[in-house]
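Data block below; observations after.
What follows is calculated from the coordinates using simple rules that are stated; it is not laboratory data. Everything quoted here is computed from the prediction, not taken from an experiment. Cβ atoms come from the backbone with ideal geometry, glycine included; neighbour counts cover every protein chain shown.
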Amino acid sequence: MSALFVIVGGSIGAFCRYWLGLIFLAWTKKLKMPLSMLIVNALGGLGLGVFYHFAFPLSSTSSLYLFVAIGFFGAFTTFSTFSVEAMGLLQKKAYSLFFVYILLSFAGTIGLFYLGFYGM
């Protein structure tokens, strides 16, 4: 049953990402920077932050958590999950790990994308 909450939330999140991405793309297409997904990612980070603020005592196995945090925001943006993990390191005052995590996340992802794209 848990998987169903993730699947339904993820379907809605993916649709919202697509729909909002198209809207923001129409508004920002003349700009040289890909702001459409930046806006979607920022909204996802904000939304997941608000959810965590109000639903923090929820278990990571609760239906609402699975639907909203894992399903909806997981499909809406993976950047929001990255933000939660980075904030966890800050809250633990693991500052060096925080910066290493951010550096490896960005450089590693871009580097591996490059390898996958050009290395194949």
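Brief remarks follow.
- Each residue of the range 19-33 is assigned a 3J(HN,Hα), and the resulting list reads 5, 5, x, 5, 5, 5, 5, 4, 6, 10, 5, 7, 7, 7, 9 Hz, derived from the Karplus form 6.51 cos²θ - 1.76 cosθ + 1.60 (θ = phi - 60°), x at Gly and Pro.
- Taking θ as phi - 60° and the Karplus parameters 6.51, -1.76 and 1.60, the scalar couplings of the range 34-50 work out to x, 6, 4, 6, 4, 5, 4, 4, 5, 4, x, x, 5, x, 5, x, 5 Hz in sequence order, x denoting glycine and proline.
- Take the Cα of L25, step 7 Å toward its Cβ, do the same at A3, and the gap between the two points is 3.1 nm.
- Within the listed set F56, F73, F82, the residue fluctuating most in the Gaussian network model of the chain (springs between alpha-carbon atoms under 10 angstrom) is F56.
- Three-way shape call for the range 1-69 based on the alpha-carbon gyration tensor, with the a/c threshold at 1.5: oblate
- Whole-number D in µm²/s for the range 62-107 (Stokes-Einstein; Kirkwood sum over Cα pairs; 25 °C, 0.890 mPa s): 215
- Shown here is the pair-distance distribution of the range 2-118: with all Cα-Cα distances grouped in 5 Å bins from zero up to the longest one, the shares run 2, 11, 16, 19, 19, 18, 10, 4, 1 percent.
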